[in-house]
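The values are calculated or read from the model by the stated rules, or taken from the named source; none is laboratory data. Owing to the predicted nature of the structure, the values given are computational and were not obtained by experimental measurement. Don't worry about glycine lacking a Cβ; one is built from the backbone with ideal geometry, like all the others, and counts go over all protein chains shown. Calculation scope for accessible area: heavy atoms of the full protein, side chains included, ligands and nucleic acids excluded. Shrake-Rupley method; radii C 1.70, N 1.55, O 1.52, S 1.80 Å.
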Amino acid sequence: FGLYGLVGGVLAFVSLIAGVLNQGSNRFMAYATGSEDADDVRRWFNVSANIYFCIPLILLPVGWLLGDIFIKYVLKIPPGRVVVSLWIVRFTLISLAVTLLSMPYQSLLIARQYIHLYSAVTLCRSIGAFVIALTLPHFPGDHLFVYAALMATSIILMQLVFVGVCRCVCPEGRI
């Protein structure tokens, strides 16, 4: 699980930058919501969506390539663990990309003050992680691979729920 922590640490840095961008999106969407200008909210949502669409386009291929290089040539990983290590990097990158794509929707939910919906989805994500941790010993195979795959699936599913909820309750959330 040390490799999972290493990959998570590197991607936490990317998430930090994305979080700063998200705060900016929150501010501008909240201001536009407060001024009751639906076109302005939609405009800021679309700008945010375009920015968050571009980041994964750069992050995925670069991260995939650098991850492969580091796993195969830089890090000292036992030969039997290289394939699992590569999949951990890939699962994490895909999860991060989907999370980035859902950030404008999360910002819109917060700007429109649907905090209860945001909190409910976040709570479900935490419960999902808890269930994964509890059931992990009961899965056959490599537990690190299973953990990474289940966490990625959980994260992607919750981000899709964020998008779906936002599209249902916020008319500006439709590109």
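Scan segment 151-160 and tell me whether some residue there is open to solvent by 40 Å² or more (accessible area, probe 1.4 Å), modelled with pLDDT of 90 or more, of a type outside the set (V, I, T) and over 16 Å from the mean Cα position of the chain (by Cα).
no
When we screen V89, V82, V41, V62 for residues that are closer than 16 Å to A152 by Cβ and in a helix (DSSP H, G or I), the only hit is V89. Among the residues of segment 72-81, not a single one is open to solvent by less than 30 Å² (accessible area, probe 1.4 Å) and on the phi < 0 side of the Ramachandran plot. Scoring F13 on the criteria (1) surrounded by 14 or more Cβ atoms within 10 Å (Cβ to Cβ); (2) at pLDDT below 90; (3) of a type in the set (F, W, Y) leaves a single failure, condition (1).
Close Cβ contacts (under 8 Å, 6 or more residues apart or on different chains) running from residues in segment 8-24 that are at negative phi to residues that are open to solvent by 70 Å² or more (accessible area, probe 1.4 Å) comprise L21/I51. Do we have S119 as open to solvent by less than 20 Å² (accessible area, probe 1.4 Å), of a type outside the set (F, W, Y) and closer than 30 Å to G24 by Cβ here? Here the answer is no, as S119 does not meet what is asked. Only one entry of I51, I58 meets the criterion of being under 16 Å from the mean Cα position of the chain (by Cα), over 30 Å from V84 (Cα atoms) and modelled with pLDDT of 85 or more, and that entry is I51.
Yes or no: L96 within 15 Å of the chain's Cα centre (by Cα), at pLDDT below 90 and open to solvent by less than 20 Å² (accessible area, probe 1.4 Å)?
Details: within 15 Å of the chain's Cα centre (by Cα): yes; at pLDDT below 90: yes; open to solvent by less than 20 Å² (accessible area, probe 1.4 Å): yes.
Yes; evaluated as a whole, the condition is true for this residue.
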